[in-house]
Each structure stands twice: as structure tokens, then as C-alpha cells.
Amino acid sequence: MSAFKQESHKLLVIPGPIEVTDEVLYANAYPPVAHTSAEFIPVLGDSIRLTREVLYTKDAQIFLIAGSGTLGWDQTSANLVESGDNVLVLNSGYFGDSFTECLRAYGAKVDEIRADFGNAITQAQLEKALAAKKYKLVAFTHVDTSTAVLSDAKMIGETTRRVSPQTLVVLDGVCSVASEEIRMDAWGIDVVLSASQKGLGAPPGLCIVAASRKAITVFEKRVSPVAGYYASWKKWIPVMNAYEAGKPMYFATPPVNLVRAYRQSLFEITSGNVSLQERFALHRETKARITAAVKELGLREVPQDKSISANGMSAIYLPDGVGVADLVPRMAARGVIVTGGLHKDTKDKYFRIGHMGTTAVNKQRGDIDKVIAVLTEVVNEVRKQNA
Ligand SMILES: *Cc1c(COP(=O)(O)O)cnc(C)c1O
């Protein structure tokens, strides 16, 4: 490891991409190696094994494929859905809408339970829907990045397993993996899909999917051909298994630099200065600091209750008479990049802050101090002007 330090830059605290450590960025700058070389095989192999650790799963099939988180929706839909299959989507915001659209593109018959803005689906709603109809798959967004609403993954997994044991449970964890606890095996989660650039702390461009043995069995028993080529697990299972066993195999070129950066981040997450459990606790602590600062300013968060509020990001209503355009550029001018809302009806009424990964975990960086100081300064400045 050289004494590499990244260029000075504005603090990136949106809900992904996020700040990455010098070591992760340096790993990304390693000269490209042949994807079939002895040097690269353990890079991908380690990444597969360490991804399981982060998700508390012993034996899920891991897919690490070039693409963004969206490719996780396509993988789920192309491999686990056959035309006409019933799918239930627990929709807590913008990303639920998009997942539904993707599932329908592959022929799924989707029913949605839609939560009010800032709310999550309840256990009673889920039980009722599962009892009324047989679903092949239930999909939900763990942290909906448009609202910062955190769904109860344990409740959804356990409830589905009890009421409808055949149904697969799919968790969109693009904005939650490594910032919220996910116990795939214990909670009965069959698919976790994610991406490199949010809580996992690497640059964007790598799609991460974990599929339980149950999901793989459902995949193997499908009658119609897989509705995709690049996303087909038929192509990728042998490749992932080969690399894990220490052998190369080619289907499509993996992003060798990015996988190295991802592995570096996984090293930091699973065996760095803080344990995985401490990492989750540090995200909760960071959230508590943000919530306290928001309260101090007399502002309100979008999630309607603390119990459904994400720990890796926040969505905060703007003060009366203040728009996204009044706040975001002023914060940027002071070196802090936050972003506006993302929900079609209300996107100009609130803004979002990402506080995942090294920003939450490495207190010496002072990122959260800076976010709170700049937010306070800007809100007070705008209020004074409007007075
Ligand atoms: C960001 C995000 C996505 C989409 O991921 P991309 O990497 O932008 O394709 C999907 N779901 C959730 C919950 C997200 O936060």
C-alpha cells in the first residue's frame, strides 16, 4: 500500500455514490490485469466469499456483474419470473415503482401494496395479501432512497415464510447493504440485490446479487427459457462457481479494477477497525446525530416514525418558503453535496443526505460535523433572508 491520498474534493453526502476511502480508490487505480489471470481469480473469489459475510448467509449464490443496481432488478425478473407469474410488491416509494415496472417488463402480474408517502407496509397488510393470493415472489425496497423509509426486513421475511412458505422474498438492498443489518439466512430472505456505490463503499458500476438455495432451485425448475442473455444466471452460475473454486472462466469480462476496489471495501467492512456489528451501530449513532440537528433547526423528517427511518440516509422537509434550489447550491458552495427529493409529488418539498460508509464509520474524518455545521449555517442564512 502506498501513501496514496485522493484529490481534495467537495464532501459527497448524497444517498449514493458516497465517499470512498483512499485505500478503495487506490485499489481501483491498480493496473488492469487479465480477467482470467492467477492474479485476478482470488480477487473475485474473495469478493464472493466476503459478500456472504456481509449478508450473514452461509451458502447463497453470489453474482458480481458489471452494471448498476438496476441490473439486480433485471436479474431477479429475468431469472425468477416467468410470464404470468404473480408477484407482490411492497411499495414504499419511487424505487418500488421502478422495480414494479421492471418486473412487468418480464411478464410478471404485479399487485402492489402502496404505503403513504413516508410510511412502510405493515405486517397486517402483508399477511392479508399473502393469505388472499398465491405469489411466486414478494419484493420490497429495504431502504427506499426516495423517502428514507426503512422496511422491516426481518418481519417481511419471517411473515412470508410463515403465511406462504413457497413464496420467494426479494430485498432491494441497493441503499441498505452494509449500513443496515440483513440476516439473509435467519430471516428467510431469498434474494438480496445491491450495488457497489452506496453502503458498500466502492465506486459505481458493480451489481451485487445474492440468491438463496431456494431461489436457485426455483430458477432451475423454470419451464420457459430465461428472458435475458447478459443477465442470465445460466451463464453466470458456472463463472462465479469457477472463480470461487480458484479457476477462471469466461462469459463476459468482469470490471477487474472495480472488483479489486470492491474487495478492498469488503476487507474494511468485514475485518477493518470496526466489526460489522459496530458498523451498523455507528450508522445508528450517525442517524441520531442528524435527527437531533434536524430537530434543533425545527425541521421534520419524511419517515413518519423513528422505527421506519433509515440509518444510512435522511430525507428532510425544507423549511416553509425554502426550495431545493435555495438550499442545495448554497451547501455545495460550502463544500457539501446533498440532493433534492425524488418522489414525484413532493420532490421540491424535501432534500436528502446520505450518511453511509466511511462518512458514518470514520469519525476522524469529521464528515458529519461538517454536514451539520453547513446545514445549520445555510438554513439560518436562508431564513434570515426570507424574514
Ligand atoms: C440507487 C438505487 C437503485 C438503483 O441503483 P442504480 O445503481 O442507480 O442502478 C435501486 N434501488 C434502490 C433502493 C436504490 O437506492
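Mean separation of Cα pairs under 8 Å and 6 or more residues apart, divided by the residue count, gives the chain a relative contact order of 24 percent. Backbone geometry of segment 22-34 corresponds, through the Karplus equation with coefficients 6.51, -1.76 and 1.60 at θ = phi - 60°, to 3J(HN,Hα) couplings of 4, 5, 5, 5, 5, 4, 5, 8, 4, x, x, 10, 5 Hz, x marking Gly and Pro.
At 25 °C and 0.890 mPa s, grab the translational diffusion coefficient of segment 57-169 from Stokes-Einstein with a Kirkwood Rh over Cα pairs, rounded to a whole number in µm² per second. Answer from the Stokes-Einstein relation: 170 µm²/s. With the charge dipole of segment 111-194 set up from +1 on Lys and Arg Cβ and -1 on Asp and Glu Cβ about the Cα centre, the Cα lying farthest toward the positive end among the listed residues Ala139, Pro165, Ile182 is that of Pro165. Rounded to the nearest Hz, the phi-derived 3J(HN,Hα) couplings of segment 54-59 under the Karplus curve 6.51 cos²θ - 1.76 cosθ + 1.60 (θ = phi - 60°) are 5, 9, 6, 10, 7, 9, where x marks glycine and proline.
Across the options Gly69, Thr359, Leu282, the greatest Cα extent toward the positive end of the charge dipole of the chain (unit charges at beta carbon of Lys, Arg, Asp, Glu) belongs to Gly69. Relative contact order of segment 52-210: 29 percent, from C-alpha pairs under 8 Å at least 6 residues apart in sequence. Comparing Ala195, Ala105, Ala124 in a Gaussian network model of the chain where C-alpha atoms under 10 Å apart are linked, the largest mean-square fluctuation is found at Ala124. Computed from backbone phi, the HN-Hα couplings of segment 84-95 come to x, 5, 7, 10, 10, 10, 8, 9, 10, x, 3, 6 Hz, rounded to whole numbers (Karplus: 6.51 cos²θ - 1.76 cosθ + 1.60, θ = phi - 60°; Gly and Pro given as x).
Between Ser83 and His9, residue separation times 0.36 nm minus the direct Cα-Cα distance comes to 21.9 nm. Per-residue ellipticity at 222 nm, computed for the chain from helices alone with -39500 (n - 2.57) per DSSP H run of at least four residues, works out to -12500 deg cm²/dmol.
Each of Asp369 and Asp111 was given a label point 7 Å from its Cα along the Cα-to-Cβ line. The distance between the two points is 5.3 nm.
Here each label is just a point 7 Å from Cα along the line to Cβ, and for Asn273 and Arg183 those points are 2.8 nm apart. Judged by the mean number of other Cβ atoms found within 10 Å, the most tightly packed of the peptides 7-13, 333-339 leads the ranking 333-339, 7-13.
Look at the alpha carbon pairs under 8 Å that are at least 6 residues apart: their mean separation over the length of segment 197-264 gives a relative contact order of 42 percent.
The listed peptides 308-314, 80-86, ordered by packing as a protection proxy, come out as 308-314, 80-86 (highest mean of other Cβ atoms within 10 Å first).
Full extension of the chain between Lys154 and Asp345 yields a length gain of 65.8 nm, computed as 0.36 nm times the residue separation minus the alpha carbon distance. A straight chain from Arg300 to Glu39 at 0.36 nm per residue would run longer than the Cα-Cα distance by 88.9 nm. Accessible surface of segment 29-271, 1.4 Å probe: 55 percent of it comes from carbon and sulfur atoms. Measuring how big segment 29-271 is from its alpha-carbon positions, Rg and Dmax come out at 17.2, 55 Å. Could you tell me the calculated FRET efficiency between Lys133 and Asp59, based on Cβ-Cβ distance and R0 = 30 angstrom, to the nearest 0.05? After rounding, the FRET efficiency stands at 0.50.
Here the dipole of segment 29-271 is about 640 debye; that uses its Cα centre as origin and unit charges on the Cβ of Lys and Arg (positive) and Asp and Glu (negative). Comparing Gln61, Gln125, Gln197 in a Gaussian network model of the chain where C-alpha atoms under 10 Å apart are linked, the largest mean-square fluctuation is found at Gln125. Rolling a 1.4 Å probe over the heavy atoms of the protein chains gives the chain an accessible area of 41 Å² per residue.
The values are calculated or read from the model by the stated rules, or taken from the named source; none is laboratory data. Everything quoted here is computed from the prediction, not taken from an experiment. Neighbour counts run over all protein chains shown; Cβ positions are idealised from the backbone, glycine included. Heads up: the accessible areas ignore ligands, DNA and RNA and are worked out on the full protein's heavy atoms, side chains in. Shrake-Rupley method; radii C 1.70, N 1.55, O 1.52, S 1.80 Å.
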